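What follows is calculated from the coordinates using simple rules that are stated; it is not laboratory data. Quantities reported herein were computed from a predicted structural model and do not represent experimental measurements. Using ideal geometry, Cβ is built from the backbone for each residue, glycine included, and neighbour counts are taken over all protein chains shown.
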Amino acid sequence: MADAKLKKAKVIFVLGGPGSGKGTQCEKIVAKYGFNHLSSGDLLRAEVESGSPRGKELQAIMEKGELVSLEIVLALIKDAMLKLVDKSPYFLIDGYPRELEQGTRFEAEVAGCHVVLYFEVTEEVMKQRLLKRGETSGRADDNEDTILQRLRTFTSKTEPVIKHYADKGKVIKVNASGTIDEVFGVVQQEFAKREIK
Ligand SMILES: Nc1nc2c(ncn2[C@@H]2O[C@H](COP(=O)(O)OP(=O)(O)OP(=O)(O)O)[C@@H](O)[C@H]2O)c(=O)[nH]1
Ligand SMILES: Nc1ccn([C@@H]2O[C@H](COP(=O)(O)OP(=O)(O)O)[C@@H](O)[C@H]2O)c(=O)n1
Ligand SMILES: [Mg+2]
């Protein structure tokens, strides 16, 4: 059930393929605007780190580049949102929804979607960025095989989500192939147009 405390939440879903720069841009947005930032991937990795039996299951799915069950991610995000809602009404929900049902369930049980911030970049660029990140990230999924599977999962499951929200006029599409500061410049212009501040 939707929680009354989350009624005032303004939710920005941050989407883009693996390595498109969601996490990087979210950090810049947080620094300038003070919004709350929740990365569904980070929440899942924290659960894996905890070493719980559930964490072990999650790890296996993430190493295959597949999607973990909707119930788990949704519960993690909702709990985290309840703890933050007094800080700022704006929430950057990074890496979620990854499939249509994640979006509809979130909107029914947590809060409505204000806009979707979509970082668009070619697969080749995403792959190169992730291989580079993999040299130091320690992320089990930053290897060539898993990257290819993550790209496939993005195309088959997440692109339809972007189309769904685009049809509702809710998508801010940003070309994410430039430098970090160029991309952030565009984000700021787009936020200004929509009075997101
Ligand atoms: N050139 C360039 N590199 C970027 C940009 N944004 C991110 N990167 C690099 O690309 C890599 C991936 O960026 P992340 O922010 O981790 O991407 P993400 O979309 O959160 O990726 P996942 O967590 O795998 O979903 C990092 O090594 C960044 O340094 C950008 O705008 N331009
Ligand atoms: N909403 C989500 C977010 C992440 N995940 C899992 O967590 C992994 C890492 O997510 P992430 O957002 O950090 O990274 P990318 O897959 O976007 O590169 C994904 O490949 C999925 O296995 C998921 O199943 N559902
Ligand atoms: Mg990320």
Query raised in the report: Can you find even one residue in segment 31-44 that is assigned to a helix (DSSP H, G or I), more than 10 Å from ligand 2 (Cβ to nearest atom) and under 26 Å from residue 138 (Cβ atoms)?
Result: yes
Report summary line: Residue pairs within 6 Å by beta carbon, gap of at least six or interchain, first lying in segment 81-97 and in contact (Cβ under 8 Å) with a residue 60 or more places away in the chain, second within 14 Å of ligand 1 (Cβ to nearest atom) and not in a helix (DSSP H, G or I), listed first then second, are 92/14; 92/37; 93/13; 93/38; 94/14; 94/39; 95/39
**Report entry** In segment 162-182, the residues that are surrounded by 12 or more Cβ atoms within 10 Å (Cβ to Cβ), of a type in the set (Ser, Thr, Tyr) and part of a loop (DSSP other than H, G, I, E, B)
**Finding:** 177
Query raised in the report: Hey, any hits in segment 112-133 for a residue that's touching a Leu at 6+ places or on another chain (Cβ under 6 Å), over 25 Å from residue 149 (Cα atoms) and not polar (S, T, N, Q)?
Result: no
Report summary line: Expected output for segment 4-26 (first residue more than 6 Å from ligand 1 (Cβ to nearest atom), partner among the acidic types (Asp, Glu) and part of a helix (DSSP H, G or I), Cβ below 8 Å, 6+ apart or cross-chain) is 17/123
Query raised in the report: Of all residues in segment 55-70, which are free of Cβ contacts under 8 Å to residues at least 60 places away in the same chain and either surrounded by 14 or more Cβ atoms within 10 Å (Cβ to Cβ) or within 16 Å of ligand 3 (Cβ to nearest atom) (or both)?
Result: 55, 57, 58, 61, 68, 70
